[in-house]
1. Considering only residues of the stretch 57-74 that are of a type in the set (A, V, I, L, M) and either free of Cβ contacts under 8 Å to residues at least 24 places away in the same chain or not in a helix (DSSP H, G or I) (or both), which is most open to solvent (accessible area, probe 1.4 Å)?
2. Only one of Leu12, Leu33, Leu54, Leu40 is open to solvent by 50 Å² or more (accessible area, probe 1.4 Å), out of contact with any Leu (no Cβ under 9 Å at 6 or more places or on another chain), under 20 Å from Pro97 (Cα atoms) and not acidic (Asp, Glu). Can you tell me which?
3. Open to solvent by less than 60 Å² (accessible area, probe 1.4 Å) and either more than 25 Å from Gly87 (Cβ to Cβ) or of a type outside the set (S, T, N, Q) (or both): is that true of Ile47 in this structure?
4. Tally time: how many residues in the stretch 17-53 are farther than 24 Å from Arg68 by Cα, without any contact (Cβ under 8 Å) to a residue 40 or more places away in the chain and not basic (Lys, Arg)?
5. Out of curiosity, is Leu77 in a helix (DSSP H, G or I) and at pLDDT below 90?
6. Only residues in the stretch 83-104 that are open to solvent by 50 Å² or more (accessible area, probe 1.4 Å) count as the first member; pair them with residues that are assigned to a loop (DSSP other than H, G, I, E, B) and among the hydrophobic types (A, V, I, L, M, F, W, C), Cβ under 7 angstrom, at least 6 apart or cross-chain, and list the lot.
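The values are calculated or read from the model by the stated rules, or taken from the named source; none is laboratory data. Computed from a predicted structure; not experimentally measured. Because the Cβ atoms are built from the backbone with ideal geometry, glycine has one as well, and the counts that use them run over all protein chains shown. Only protein heavy atoms, including side chains, enter the accessible area calculation; ligands, DNA and RNA are left aside. Shrake-Rupley method; radii C 1.70, N 1.55, O 1.52, S 1.80 Å.
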Amino acid sequence: GVQIDPKGARALSSDLQTYRDTFEVNVLAPLALTQALLPLMKKNGRIVNVSSGLGQLSDMTSGTPAYRMSKTALNALTRMLAAEVRGTNILVNSMSPGWVKSDMGGPFAPRTLAQGADTLVTCGAPQSNHCRITLAAAVKEGLHCRFVIEERVPGSYDEQASGNHFMFRLLGVE
């Protein structure tokens, strides 16, 4: 996701374009990707949306309003998607990597980038857009990546038929 709120941003004074741009990436892009990929999941799959503690209503305060609102909306989307696929073998959840030392998290965050990426990878699946994004970001940061595929139905994963697998190879993921 992206957090493009200017420093000190407040809900009443923030530019509406900041909200539009943030929602486009943090909410609408995951929705569009899910709509496109869900029919390909056939009998099973997993959708993992990467949220943030800043999107929890129970801890909602001021600051970074576009980011906070977008992650709250992503949590709502996750609940809606889970309800819509209930009864299938497609699982939907969201998770938060925690406060991570990064351009967004800053130098005082308690978790390293590797710890945050590890959380995402262990919660992702081949069908997860966040798994691909996380692996790409980890490779960009010079982290060693290993992708482990859970094959719920033996023999169901075909490397030659997977655009994800091709992308992982391009990125140098083991």
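1. Leu57
2. Every option except Leu54 fails the conditions.
3. Yes; evaluated as a whole, the condition is true for this residue.
4. 2
5. No; evaluated as a whole, the condition is false for this residue.
6. Trp99/Ala109; Lys101/Ala109
For every residue, the table says whether it meets (1) under 16 Å from Leu33 (Cα atoms); (2) at pLDDT 75 or above; (3) among the β-branched types (Val, Ile, Thr); (4) in contact with a helix residue (DSSP H, G or I) (Cβ under 8 Å, 6 or more places away or on another chain).
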{"site": "Lys71", "(1), (2), (3), (4)": "no, yes, no, yes"}
{"site": "Val92", "(1), (2), (3), (4)": "yes, yes, yes, yes"}
{"site": "Pro107", "(1), (2), (3), (4)": "no, yes, no, no"}
{"site": "Gly124", "(1), (2), (3), (4)": "yes, no, no, yes"}
{"site": "Cys145", "(1), (2), (3), (4)": "no, no, no, yes"}
{"site": "Gly155", "(1), (2), (3), (4)": "no, no, no, no"}
{"site": "Gln160", "(1), (2), (3), (4)": "no, no, no, no"}
